[in-house]
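Visitor: Got a structure for you, questions after.
Derivation of every value follows stated rules applied to the coordinates shown; laboratory data play no part. Quick caveat: nothing in here was measured; it's all calculated off a predicted structure. Every residue, glycine as well, gets a Cβ built from its backbone with ideal geometry; the counts of neighbours run over all protein chains shown.
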Amino acid sequence: MNTQPISPAWLRDAVFYEIYPQSFYDTNGDGIGDFQGIIDKLPYIRALGANALWINPCFDSPFKDAGYDVRDYLRVAPRYGTNEDLYRLFEEAHRLGVRVLLDLVPGHTSEAHPWFLRSGEETPNEYSGRYIWTDDWFKGVPGAPYVGGEFPRNGTYMLNFFKCQPALNYGWLHPAEPWQSAMDSPEALATREAMKDVMRFWLDHGADGFRVDMAASLVKGDDADKQGTCAVWRDIRAMLDREYPEAALVAEWSDQRLAIARAGFHMDFYLDHAGNGYHSLLRDGEASFFRRDGHGDIRRFLDDFMPRYEAARGKGYVALITCNHDTPRVCPALTADEAKLAYAFLLTLPGVPFIYYGDEIGMRYQAGMPTKEGGYTRTGTRTPMQWTHGANDGFSTADAAMLYLPVDDAPDAPTVEGQTGDPDSLLETVRALLSLRAAQPDLSPDADFEPITLPGAPRALVYRRGALLLAVNPSGDAVALPEDIVARFDGRTCLYRLGAAADTAALPPRSFAIYAAK
Ligand code: NOJ
């Protein structure tokens with residue numbers, strides 16, 4: 001195992017807050033969030049206990065996929081402000097000790113990007129090799145989605161996601177057709193260098209790194225171990241280590257063995273994929289571990305998580321999310337009390353936490369919301385932040401009809417205003433947990449982790465972080481502890497608890513507790 005400290009060192013104390021900028025806070029009354037809104041709410045984010053942001057793509061875009069269809073990597077979307085406003089956001093954030101990751105979309109651009117428009121011209125030019133085109137208008141890309149008939153160029157082009165997102169050309173692992181570039185061809189290297197320049201541009205202006213969209217998607221015809229794509233990222237990481245050693249990258253990959261150990265990402269998200277361990281905690285209906293009346297089983301999580309944790313260990317961190325802009329919010333599938341236990345668990349596991357805006361108050365997934373900007377079922381997770389009990393939940397002064405998306409206007413919609421100062425609220429629980437985490441080095445992402453499963457009681461878990469002992473029991477029943485485990489609690493005091501009074505002979509129903517070192 002690599003025993004070098006993981007760099008950059010600031011990641012060890014990082015707690016991220018993800019902002020979907022459209023829906024965070026509107027300061028100019030046009031119904032959509034803006035950079036000034038993020039600046040205004042930095043003190044709130046800091047007081048929550050987060051010290052880093054991930055802002056979803058905020059670049060010029062036709063917004064057919066909420067900004068993941070970038071038209072200009074170097075200019076922000078006017079609806080959020082100007083480049084100068086974003087530079088000011090970096091400065092203000094840094095003044096408060098908050099780092100800022102932008103969202104890098106390296107795998108594709110918008111179909112309206114000038115590089116792409118040039119690549120579709122009949123006459124060969126500097127951009128002809130920037131995307132993946134076949135060499136005949138009647139020939140598609142085998143096994144991949146492609147489009148023909150749109151441009152004068154005699155060929156069809158490969159898509160990376162939606163129709164509006166043509167794939168950039170980083171080459172093929174084993175080119176088999178004349179139109180497939182090698183990874184070290186001048187055109188594939190030119191794409192890679194162009195993306196490095198995009199990164200340099202934002203890092204030079206004050207960004208602290210990037211969340212990387214579809215990080216596994218770069219090299220085409222890659223093998224199962226993503227050899228080609230990993231090699232590209234190792235080269236990019238080497239550039240960062242040389243030129244921007246304080247910058248951090250978090251991959252949207254969800255394969256820590258490849259993303260961290262092979263590709264060199266500092267962090268990799270553990271995403272919600274049906275059937276995986278993370279899914280089994282929060283989003284698997286009655287089988288969710290954190291559903292009180294369900295039949296969850298912590299081994300489903302551990303069996304999937306431990307290999308990821310081991311793969312990342314010593315090299316980088318698993319990024320643990322409450323949710324993200326693609327995933328249904330935890331509430332109302334979990335009640336606020338169930339969510340408290342779930343967050344307590346996520347925030348004390350070995351990993352770097354990412355809190356999706358509004359999850360700290362239990363904002364609810366809005367089922368059935370009409371699609372917006374390519375969101376489809378994701379739209380219900382992207383509604384405006386609920387700040388106050390006032391008009392538009394304090395998100396915007398615009399007429400309700402003008403809002404980016406409708407706010408949750410239910411009388412019991414959770415708000416920051418309603419929960420601030422209430423020790424029983426989800427918001428104050430998250431604050432308390434994050435302040436404890438900041439004060440306890442044993443809760444940092446690289447402190448030791450030892451799960452201690454309880455024989456015959458898969459609905460509960462005891463775990464050790466460094467010298468601390470923790471216990472969680474989301475079920476409705478007390479779970480008696482075997483003697484050898486009771487002995488491990490002997491002589492310890494309870495540092496923090498949720499639910500019924502801490503007990504070291506049995507874990508009370510619906511409880512979570514942290515015990516100090518002996
Ligand atoms: C993953 C992003 O999280 C998602 O929102 C987007 O639609 C796709 N990548 C395409 O960029």
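Visitor: If you restrict to DSSP beta bridges whose two residues both lie in the chain, what percentage is antiparallel, to the nearest 5?
Guide: Restricted to the chain, the bridges split so that about 50 percent are antiparallel.
Visitor: With N residues in the chain, what two-decimal value do you get for its Cα radius of gyration over 2.2 N^0.38 Å?
Guide: Rg over 2.2 N^0.38 Å, computed on Cα atoms: 1.00.
Visitor: Okay, next question. Pairs of alpha-carbon atoms within less than 8 angstrom and 6+ residues apart define the contacts here; what relative contact order does the chain have, in percent?
Guide: 13 percent.
Visitor: Could you check the simple spin-label distance between residue 477 and residue 303, using points 7 Å along Cα→Cβ, in nm with one decimal?
Guide: If labels sit at residue 477 and residue 303, their model points lie 2.1 nm apart.
Visitor: Apply the Karplus parameterisation 6.51 cos²θ - 1.76 cosθ + 1.60, with θ equal to phi minus 60°, to every residue of the stretch 132-137 and state each ³J(HN,Hα) to the nearest whole Hz, in sequence, with x for glycine and proline.
Guide: The phi angles translate into 9, 10, 7, 10, 7, 4 Hz.
Visitor: Under 20 Å from a point placed 7 Å out from the Cα of residue 96 along the Cα-to-Cβ direction: which residues of the stretch 356-380 have their backbone N that close?
Guide: 356-363
Visitor: A further question follows. With all pairs of different alpha carbon atoms counted, what Kirkwood hydrodynamic radius in Å does the stretch 364-460 show?
Guide: Evaluated over the stretch 364-460, this radius sits at 16.9 Å.
Visitor: Sticking with this one: Out of residues 5 or more away from residue 153 or on other chains, whose amide H comes under 5 Å of its own, with H placed 1.01 Å from N in the peptide plane?
Guide: Under 5 Å from the amide H of residue 153: 122.
Visitor: How do 282, 470 rank when sorted from fewest to most other Cβ atoms within 10 Å of their own Cβ?
Guide: Ranking 282, 470 by Cβ neighbours within 10 Å, fewest first, gives 470, 282.
Visitor: With n ≥ 4 as the cut-off for DSSP H runs, can you work out [θ] at 222 nm for the chain, using -39500 (n - 2.57) per run divided by the number of residues, rounded to the nearest 500?
Guide: Value at 222 nm, helices only, nearest 500: -7500 deg cm²/dmol.
Visitor: How long are the three semi-axes of the equivalent ellipsoid for the stretch 1-139, computed from the Cα gyration tensor as the root of 5 times each eigenvalue, in whole Å, largest first?
Guide: For the stretch 1-139, the semi-axes come out at 34, 22, 12 Å.
Visitor: How much length is gained if the chain between residue 494 and residue 200 is pulled fully straight, taking 0.36 nm per residue apart and subtracting their Cα-Cα distance, in nm to one decimal?
Guide: Computed gain between residue 494 and residue 200 is 101.1 nm.
Visitor: Karplus couplings for the stretch 444-460 from phi (6.51 cos²θ - 1.76 cosθ + 1.60, θ = phi - 60°), rounded to Hz, Gly and Pro as x?
Guide: Values per residue, Gly and Pro as x: 6, x, 9, 6, 3, 9, 9, x, 10, 6, 9, x, x, 9, x, 8, 9 Hz.
Visitor: Also: Give me Rg/Rg_expected for the stretch 448-517, where Rg uses Cα atoms only and Rg_expected = 2.2 N^0.38 Å with N residues.
Guide: Cα-based Rg divided by the globular estimate yields 0.97.
Visitor: Taking H placed 1.01 Å from N in the peptide plane, check which residues at least 5 places from residue 248 or on another chain put their amide H under 5 Å from its amide H.
Guide: 209, 210
Visitor: Let me ask something else. For each of 405, 102, 117, 173, count neighbouring Cβ atoms within 10 Å of the residue's Cβ, then give the residues from fewest to most.
Guide: 117, 173, 405, 102
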